[in-house]
Amino acid sequence: MHKSRTGFTLIELLTVATIVLVLAAVTFPVFRSSVESAHKTVCVSNFRQAYLATFLYMEDYSETFMPINYQPAGEATSKNDRTWVQMILPYTSSYTIFRCPSDSGVHPKSETIFDQDLVPGDVYSRYYTDSMRTNLGYNYLYLSPVLLDRNRWVSLPRQISSIEDPGEMLLFVDSVWDRDLAGQPVGGGNWLVIPPCRFYKFGNTVIDTFGLVNKEVYARNSGWVVDDRLSGLRFGGAWARHSGRLTTVRTDGSAALVYPEQLSSGCNVQENWSGYIEKATEYIWDLH
């Protein structure tokens with residue numbers, strides 16, 4: 001009488017393992033693509049919600065864009081100093097709209113970031129510093145520039161009526177705080193992004209498209225970094241988180257995924273804003 005076999009042979013086990021590995025190799029890219037597609041959808045939705053919050057803010061403030069931060073007269077403290085993110089936060093459903101789900105990098109602890117106007121470690125300070133790491137970079141140098149005037153920094157928020165074509169002008173774009181030595185994003189996003197060009201040359205006339213007559217402006221850098229491919233400012237702080245593309249939203253609320261190179265369309269990018277805007281109709285940063 002033959003005994004029934006209850007185990008598997010080595011060949012059978014190897015065959016099953018091979019089938020499992022093949023199925024994993026086939027399905028994993030599909031799964032990863034599905035996850036990335038979902039992240040893109042959420043990110044675009046977040047950008048649209050941030051636009052809506054901006055629109056509602058402007059409704060309450062004479063059609064004027066928010067300054068990059070607000071410090072009331074007198075001593076600024078952690079309880080009354082506010083970034084632009086905090087200013088439109090009351091018009092949103094949640095702080096999560098300021099974070100892109102594709103940003104998997106480790107954000108630093110708030111206590112490790114010091115702002116001389118704030119008290120490190122308290123809850124207000126944490127909200128302030130976290131808001132500076134939003135993945136939505138604000139095109140502030142055109143919409144709400146800060147310039148040095150008589151030894152003090154002055155904010156000049158623009159009105160929506162100053163924009164010639166809201167459907168063409170950039171409001172927010174995916175951003176990055178910095179990049180590590182391997183070129184990977186670190187520290188989250190950045191609340192501010194820098195345009196690639198500043199000046200437009202018409203014949204022999206050079207025009208400052210900031211509308212500030214060559215005033216010194218508050219900025220991390222004077223234009224994009226072009227000689228360091230690992231710099232977080234290579235694209236002015238913008239960062240492509242979605243298969244080589246980044247999320248943008250225009251000042252009319254339309255959102256789209258674009259390639260980083262499209263951000264400099266119409267502009268001859270050079271260090272320190274020394275390159276001119278050559279095709280104003282293609283340049284998406286300025287008011288006109």
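The values are calculated or read from the model by the stated rules, or taken from the named source; none is laboratory data. As the structure is a computational prediction, the values presented were derived from the model and not from experiment. Because the Cβ atoms are built from the backbone with ideal geometry, glycine has one as well, and the counts that use them run over all protein chains shown. What goes into the accessible areas is simple: the full protein's heavy atoms, side chains included, and nothing from ligands, DNA or RNA. Shrake-Rupley method; radii C 1.70, N 1.55, O 1.52, S 1.80 Å.
The table that follows gives values for the structure above.
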item: Test: residue 284 is modelled with pLDDT of 95 or more and of a type outside the set (Gly, Ala, Ser); result: yes
item: Single match in 209, 205 (criterion: within 20 Å of residue 270 (Cβ to Cβ), of a type in the set (Ser, Thr, Tyr) and exposed (fewer than 12 other Cβ atoms within 10 Å of the Cβ)); result: 205
item: Condition met for residue 222 (small (Gly, Ala, Ser), assigned to a loop (DSSP other than H, G, I, E, B) and open to solvent by 40 Å² or more (accessible area, probe 1.4 Å)); result: yes
item: Given (1) outside any strand (DSSP E or B); (2) farther than 30 Å from residue 127 by Cβ; (3) of a type in the set (A, V, I, L, M, F, W, C); (4) without any contact (Cβ under 8 Å) to a residue 40 or more places away in the chain, number of the condition residue 207 does not satisfy; result: (1)
item: Complete set of residues in region 226-252 that are surrounded by fewer than 18 Cβ atoms within 10 Å (Cβ to Cβ) and either part of a loop (DSSP other than H, G, I, E, B) or among the aromatic types (Phe, Trp, Tyr) (or both); result: 226, 227, 228, 229, 230, 231, 243, 244, 252
item: Conditions (1) surrounded by 16 or more Cβ atoms within 10 Å (Cβ to Cβ); (2) in contact (Cβ under 8 Å) with a residue 60 or more places away in the chain; (3) more than 19 Å from residue 217 (Cα to Cα); (4) in contact with a Ser or Thr (Cβ under 8 Å, 6 or more places away or on another chain): number failed by residue 187; result: (4)
item: Residues within region 133-155 that are over 21 Å from residue 89 (Cα atoms) and open to solvent by 10 Å² or more (accessible area, probe 1.4 Å), tallied; result: 9
item: Qualifying positions in region 154-186 - outside any strand (DSSP E or B), at pLDDT 90 or above and not β-branched (Val, Ile, Thr); result: 156, 157, 158, 161, 162, 164, 165, 166, 167, 168, 169, 177
item: Scan of region 258-288 for residues that are open to solvent by less than 70 Å² (accessible area, probe 1.4 Å), among the hydroxyl-bearing types (Ser, Thr, Tyr) and not in a loop (DSSP other than H, G, I, E, B), ordered by number; result: 264
item: Tally of residues being open to solvent by 80 Å² or more (accessible area, probe 1.4 Å), hydrophobic (A, V, I, L, M, F, W, C) and either modelled with pLDDT under 65 or in contact with a Phe, Trp or Tyr (Cβ under 7 Å, 6 or more places away or on another chain) (or both) across region 1-59; result: 6
